[in-house]
Amino acid sequence: MKQWTTGEVSKQRNISVRTLRYYDQIDLLTPSFKDDYGKRYYSEDDLFRLQKIMILKSLSLSLEEIREVLETYTYKQILISHYNYLQEQLTQLQTNISHTTSLINMIGANESLSWEHVSKLVDQSQKDLSKKWIDYFAEDDKQFIEQTMPNLSNNDEITQQYMSLVHRIESCIAQNIPPESDEGAEIANTLLEVSTTHFEGNTELLDKIWEIRKLPTEQTGLFPLSGEVLEFVERAIVYVER
């Protein structure tokens with residue numbers, strides 16, 4: 001039968017010798033074998049128990065709680081609890097990735113954002129405001145809108161198109177290029193084309209979204225656009241549709 005010394009277990013399981021000896025002292029994990037010279041050896045069953053302890057430690061249980069769980073639950077039950085824990089961590093990680101992606105897109109749309117403004121945007125995204133705007137629509141519209149509305153937490157093509165247009169508008173404003181210009185007309189035509197295609201020609205729905213777009217960000221949860229940007233868009237669209 002294979003046996004392992006304290007040093008070997010320490011290296012294999014990436015756990016300190018001091019910790020293993022402490023577990024031995026408190027009878028949480030005692031090596032099953034001892035030779036004539038008093039040297040201790042771990043069995044395969046001991047290593048299974050150590051693995052359970054390490055899993056339970058990852059769940060932030062105290063050593064006393066771990067001792068109780070070890071005496072009460074099977075290895076399968078412990079693994080299931082670890083699986084559920086990892087799923088929760090994965091969800092949190094995906095949320096954090098989504099928030100970070102949102103921040104990248106926000107900065108890409110407005111390179112002059114102050115740190116205070118960026119922090120505010122991050123705080124808003126962490127409060128899960130991104131879907132509040134959906135409440136303004138009828139139930140039969142919600143599914144379609146959720147599938148088609150640009151989402152800052154994604155890097156899909158449509159989102160990048162809208163973010164690129166916002167960036168161009170910000171640039172025009174910074175350079176004092178009026179909406180009633182060739183650049184403004186080009187932006188307006190592109191925006192109209194993208195929006196019409198994206199919303200499958202549903203102009204009534206598009207108009208309603210645009211009206212909601214003018215509401216305060218705190219009320220809708222949508223990516224904040226400055227009043228200057230909104231005014232630029234409206235004037236540019238009027239200019240090309242005159």
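Structure values in brief
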quantity	calculated
D128 vs. criteria in the same structural domain as C172 (by TED's automatic domain parsing), on the phi > 0 side of the Ramachandran plot and at pLDDT below 70	yes
Odd one out for S114 among (1) of a type in the set (S, T, Y); (2) surrounded by fewer than 12 Cβ atoms within 10 Å (Cβ to Cβ); (3) outside the structural domain of E8 (by TED's automatic domain parsing); (4) at pLDDT 65 or above	(4)
Residues of region 1-20 satisfying the condition of being out of contact with any strand residue (DSSP E or B) (no Cβ under 9 Å at 6 or more places or on another chain) and among the charged types (D, E, K, R)	K2, K11, R13, R18
Criterion: surrounded by 14 or more Cβ atoms within 10 Å (Cβ to Cβ), outside any loop (DSSP other than H, G, I, E, B) and not aliphatic (A, V, I, L, M) - qualifying residue of R67, R18	R67
Residue list for region 163-181, filter: under 19 Å from T101 (Cβ atoms), of a type in the set (A, V, I, L, M, F, W, C) and free of Cβ contacts under 8 Å to residues at least 40 places away in the same chain	L165
Qualifying residue in region 51-61 (condition: farther than 17 Å from L79 by Cα, in a helix (DSSP H, G or I) and out of contact with any Gly (no Cβ under 8 Å at 6 or more places or on another chain))	no
Region 31-53: number of residues that are exposed (fewer than 15 other Cβ atoms within 10 Å of the Cβ) and touching a residue at least 40 places away in the same chain (Cβ under 8 Å)	1
Flag for L165 being modelled with pLDDT under 60, assigned to a helix (DSSP H, G or I) and surrounded by 13 or more Cβ atoms within 10 Å (Cβ to Cβ)	no
Condition broken by T5, with the remaining ones in (1) surrounded by 13 or more Cβ atoms within 10 Å (Cβ to Cβ); (2) within 42 Å of the chain's Cα centre (by Cα) satisfied	(2)
Residue list for region 25-71, filter: among the charged types (D, E, K, R), under 41 Å from the mean Cα position of the chain (by Cα) and under 15 Å from T5 (Cα atoms)	E44, D45, D46
Output for region 220-231, where each listed residue is modelled with pLDDT of 80 or more, surrounded by 14 or more Cβ atoms within 10 Å (Cβ to Cβ) and touching an Asp or Glu at 6+ places or on another chain (Cβ under 9 Å)	V229
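The values are calculated or read from the model by the stated rules, or taken from the named source; none is laboratory data. Keep in mind it's a predicted model, so treat the numbers as computed, not measured. Please note: Cβ atoms are built from the backbone with ideal geometry, for glycine as well, and neighbour counts cover all protein chains shown.
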